[in-house]
Structures are given as C-alpha cells and as structure tokens.
Amino acid sequence: MATDRPLLLHNKASCSKCRGALDLLRERDIEPEVVDLMATPLSAQRLREIVAMTGESPRALLRTGEAAYEALGLGHASLTEERLIEAMAAHPELVERPILVYGGRAVVGRPPERVLTLLD
C-alpha cells in the first residue's frame, strides 16, 4: 500500500493484540511506523489529539484493569476528561492499545481487526 501519509501504530511489544494488529497490516503489505507506548509515552497534548481523532471520550482509551487505574481512583465518574488524559500521560500503561493513527483519524485496535477500518 503506497501512501504519502504515515501510518502510526502505538503499541506495546509484549501485547498480543498489538502483535495481531501489526500482523494484519503486514498481511496487506502495510508497514506502519511502530511506536512503543512504554518506551515513548504519549504526551498529554498528543493524547488529546488522538482522543479527538477517535471521536470517543478519553475513557475509551483507558485501560481499567491496570493497577494504576485503581490506585489513582480513575473509576470515579466525577473525574474530568483532562484528569484522565493527565493520568494516561503520566502512566502509559493506562493507555489502551494498539492505536492506529492514519489520515487524521485514529482507532483502538480492540479487537485487532478494528485497525483495518481506517484503511477503507
């Protein structure tokens, strides 16, 4: 797939869903730029941009099963979206993955096949 716009896949190397999404892209001869969320955490500003590109709320990008989720009390409905974004920026393990960014849009690859929706 030839494109003048980069495909960015934010992932975690040890994540099976991330590997599945990358495999699906590669099966279609698509080689995205891969950015490991643990090695290169997203800034609060970049998280805001990605949230806007998904059309979802920050909660849609929040991993609720992580220890930091409970420790920081992120389950409270009264928390602002900005507080959730700040928590994800400070604790990259809280960011749902994989996230494919392409053409001004983004999608969380849960299930991994969802990444293909940006390519249609």
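The values are calculated or read from the model by the stated rules, or taken from the named source; none is laboratory data. Keep in mind the model is a prediction, meaning the values are calculated, not measured. Glycine also receives a Cβ, built like all others from the backbone with ideal geometry; neighbour counts cover every protein chain displayed.
Points worth noting:
- Scanning segment 103-118 for residues that are surrounded by 15 or more Cβ atoms within 10 Å (Cβ to Cβ) and not in a strand (DSSP E or B) yields G109, R110, P112, R114, V115, L116, L118.
- The single condition from (1) over 14 Å from the mean Cα position of the chain (by Cα); (2) among the hydroxyl-bearing types (S, T, Y); (3) surrounded by fewer than 14 Cβ atoms within 10 Å (Cβ to Cβ) that Y69 fails is (3).
- Taking the listed residues T54, T40, the one that is under 15 Å from P98 (Cα atoms), of a type in the set (S, T, N, Q) and out of contact with any strand residue (DSSP E or B) (no Cβ under 7 Å at 6 or more places or on another chain) is T40, with no other qualifying.
- Residue that is free of Cβ contacts under 8 Å to residues at least 12 places away in the same chain, of a type outside the set (G, A, S), part of a loop (DSSP other than H, G, I, E, B) and surrounded by 15 or more Cβ atoms within 10 Å (Cβ to Cβ), where the choices are L79, L42, L74: L79
- Where a residue in segment 88-101 is more than 24 Å from L116 (Cα to Cα) and its partner, wherever it lies, is in a strand (DSSP E or B) and not small (G, A, S), with Cβ under 7 Å and at least six apart: M88/L62; M88/V95
- Hits in segment 73-120 - residues which are of a type in the set (A, V, I, L, M, F, W, C), out of contact with any helix residue (DSSP H, G or I) (no Cβ under 8 Å at 6 or more places or on another chain) and at pLDDT 95 or above: L79, A90
Conditions tested, residue by residue: (1) touching a Leu at 6+ places or on another chain (Cβ under 6 Å); (2) within 23 Å of D23 (Cα to Cα).
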| position | (1), (2) |
| --- | --- |
| R63 | yes, yes |
| A77 | no, no |
| R83 | no, no |
| G103 | no, yes |
| V108 | no, yes |
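- Residue list for segment 51-82, filter: farther than 18 Å from L37 by Cα and charged (D, E, K, R): E56, E70, E81, E82
- Cβ-Cβ distances below 7 Å connect the following pairs, each with a first residue in segment 6-31 that is within 10 Å of E113 (Cα to Cα), a second residue that is among the charged types (D, E, K, R) and assigned to a helix (DSSP H, G or I), and a separation of six or more residues or different chains: L24/E113.
- Members of segment 26-40 that are in contact with a Leu (Cβ under 7 Å, 6 or more places away or on another chain) and within 16 Å of I50 (Cβ to Cβ): P32, E33, V34, V35
- Residue in segment 85-101 that is surrounded by the fewest Cβ atoms within 10 Å (Cβ to Cβ), counting only those that are in contact with a Leu (Cβ under 7 Å, 6 or more places away or on another chain) and part of a loop (DSSP other than H, G, I, E, B): E96
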